[in-house]
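Participant: Can you read through this structure? Questions will come right after.
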Amino acid sequence: MNSASNMFKVAVVGGEGIGPEVTAQSHRILNWFIAERGVPLVVREAQYGLIPYLSKGKVLPEDTVEAMDEADAILWGASGGPETREVSAEARKAGSLLSLRSKYDLYANLRPIVANPALAEAAPLKAEVLDGVDFIIIRELTSGIYFGEPRGIETLPDGQRRGFNTEQYTTNQVRRVARAAFELARTRKSRVCSVDKANVLETSVVWREEVTALHREEFSDIELTHLYVDNAAMQIVRQPRQFDVMVTGNIFGDILSDCAAMASGSLGMLPSASLGPVDRFGRRKALYEPVHGSAPDIAGKGIANPLGSILSVAMMLRLTLNRPDDADLLERSVAAALAGGARTADIAEASAKRLSTVEMGDAVLSALNEAVAEQREQA
């Protein structure tokens, strides 16, 4: 919470592609919780991407930086797409999502994977495979190959080009994200699966040894297993309900969490939270975003699924705003909307009516209002 008042501050940054469309709906949800549930929240919208670049020469202009710096939480839309060709590589790198993760030290990325029974017919996996799926992937987000140095592209003496990146992990980088996984597991089913490639990579040897040592020293009450990343990918689509909390490095988590989208019905359904370290006031910076990208092929058509962004608000309510009951209310309302047949194109059965992005937002808001009305009647 902001130290100057009892109000939380949230920066809403729609970004590019379908980002502004889906965050417009999650912003509506935030406004509903402010008006109907008294959530002490100040929301500030800010721009990112091509539009501010064309007018100000930066994809991340000063007023957006200020909004995010002041915020307790950032609600992010998406970045990237064909328009990136109009932005200089230097400007794009300076304002990239990777740079923001590094700046705020958002080292733990949480991606819940929950199979909704209402989407069983539209899901690419069989209903019996999806039955009971409820796990979470914790991805280390500020180290590994995406941040390692040296990196670059060079021309060799014989004229060939070579691209190179450096994968590396230190004890502290591994242990802090593993600790987050173990602590989360204590609030769930007390099982952690650590994913690496220790049969090939020295960084993974360090990863496995440090996770194992931390488990032995502080978390022996938690069941710990290990999988190689290739086997983990197979198990996610073969028997995803075996998992509770999965923890892994940056690149493996990036790939596995998209693979795990098939266990939730659609990439458009997945929310995420990226968390920084807890400061001396007990606060931690957080960025919430749907897992999907900018989806330029459907941008501007009003058909994108906003549920990943809306469910990211539920994570914000739980993890930053300390409103677990409101988080539960929002998740139940999304489930109710889906149970009532609300479908965007990506999760629609062949015979289902396909809602627009705004209409899906309407469906969730309607479910929220119905849930609150029912609570009042029962009181």
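Participant: When the helix-only estimate is applied to the chain (DSSP H runs of n ≥ 4, each -39,500 (n - 2.57), divided by the residue count), what is the mean residue ellipticity at 222 nm, nearest 500 deg cm²/dmol?
Facilitator: -13000 deg cm²/dmol
Participant: What lysines could a cross-link reach from K301, if we take a straight Cα to Cα line under 17 Å and drop same-chain neighbours fewer than 8 places away?
Facilitator: Leaving aside lysines fewer than 8 places away in the same chain, those within reach of K301 are K353.
Participant: Note down the net charge around F147, summing +1 for each Lys or Arg and -1 for each Asp or Glu among other residues with Cβ under 14 Å from its Cβ.
Facilitator: Here the charged neighbours net out to 0.
Participant: While we're looking at this one, here's another question. Going by amide H atoms built from the backbone, whose H comes under 5 Å of the H on I303, apart from near neighbours?
Facilitator: Excluding prolines and chain starts, which carry no amide H, the hits are T357.
Participant: Report, please, the projected area of region 124-263 averaged over directions, based on the convex hull of its C-alpha atoms, in nm².
Facilitator: Quarter of the Cα hull surface area: 9.8 nm².
Participant: Let me ask something additional. Which three lengths, in whole Å and largest first, does region 1-64 cover when its Cα atoms are put on their principal axes?
Facilitator: 38, 27, 13
Participant: Right, next: Can you check what the net charge comes to around A67, using other residues whose Cβ is under 11 Å from the Cβ of A67 (Lys, Arg +1; Asp, Glu -1)?
Facilitator: Surrounding charge for A67 is -4.
Participant: For a quick check, take a GNM of the chain with Cα springs below 10 Å and name the residue from R161, R175, R354 with the largest mean-square fluctuation.
Facilitator: With Cα springs under 10 Å in the chain, the top fluctuation among R161, R175, R354 is at R161.
Participant: Quick one: longest stretch of the chain between exposed loop GluC sites (Glu not before Pro), exposed meaning at most 16 other C-beta atoms within 10 Å and loop per DSSP?
Facilitator: Between exposed loop sites, the widest span is 122-348.
Participant: Between region 275-293 and region 304-324, what is the separation of their alpha carbon centroids in Å?
Facilitator: Centre-to-centre (Cα) distance: 12 Å.
Participant: Would you mind getting the Kirkwood hydrodynamic radius of region 278-345 from its Cα pairs, rounded to one decimal in Å?
Facilitator: With all distinct Cα pairs of region 278-345 included, I get 13.8 Å.
Participant: Compute the signed sum of charges (Lys and Arg +1, Asp and Glu -1) over the other residues within less than 11 Å, Cβ to Cβ, of M316.
Facilitator: -1
Participant: Still on this structure: Within region 184-258, report the trypsin sites (Lys or Arg not before Pro) that DSSP leaves as loop and that have at most 16 other Cβ atoms within 10 Å.
Facilitator: R186, R188, K189
Participant: Output the DSSP H helices from the chain with an along-axis C-alpha extent of no less than 27 Å and a mean Kyte-Doolittle hydropathy no less than -1.0.
Facilitator: Correct list, ordered by number: 357-378.
Participant: Right, here's the next one. Averaging the inverse of every distinct alpha carbon separation and then flipping it gives the Kirkwood radius. What is it for region 238-379, in angstrom units?
Facilitator: So the Kirkwood estimate lands at 16.8 Å.
Participant: Using only alpha carbon pairs under 8 Å that are at least six residues apart, calculate the relative contact order of the chain and give it in whole percent.
Facilitator: It comes to 20 percent, rounded to a whole number.
Participant: Provide, as a two-decimal number, the C-alpha radius of gyration of region 1-127 over 2.2 N^0.38 Å, N being how many residues it has.
Facilitator: Normalised by 2.2 N^0.38 Å, the Cα Rg of region 1-127 equals 1.23.
Participant: Here is a further query. Quick one, can you get me the convex hull of the C-alpha atoms of the chain expressed as volume per residue in Å³?
Facilitator: Per residue, the Cα convex hull of the chain comes to 166 Å³.
Rule-based calculations on the coordinates, nothing more; no lab input. Computed from a prediction, not measured in an experiment: that's the story for all the values here. Virtual Cβ from ideal backbone geometry, glycine too; neighbours counted across all protein chains shown.
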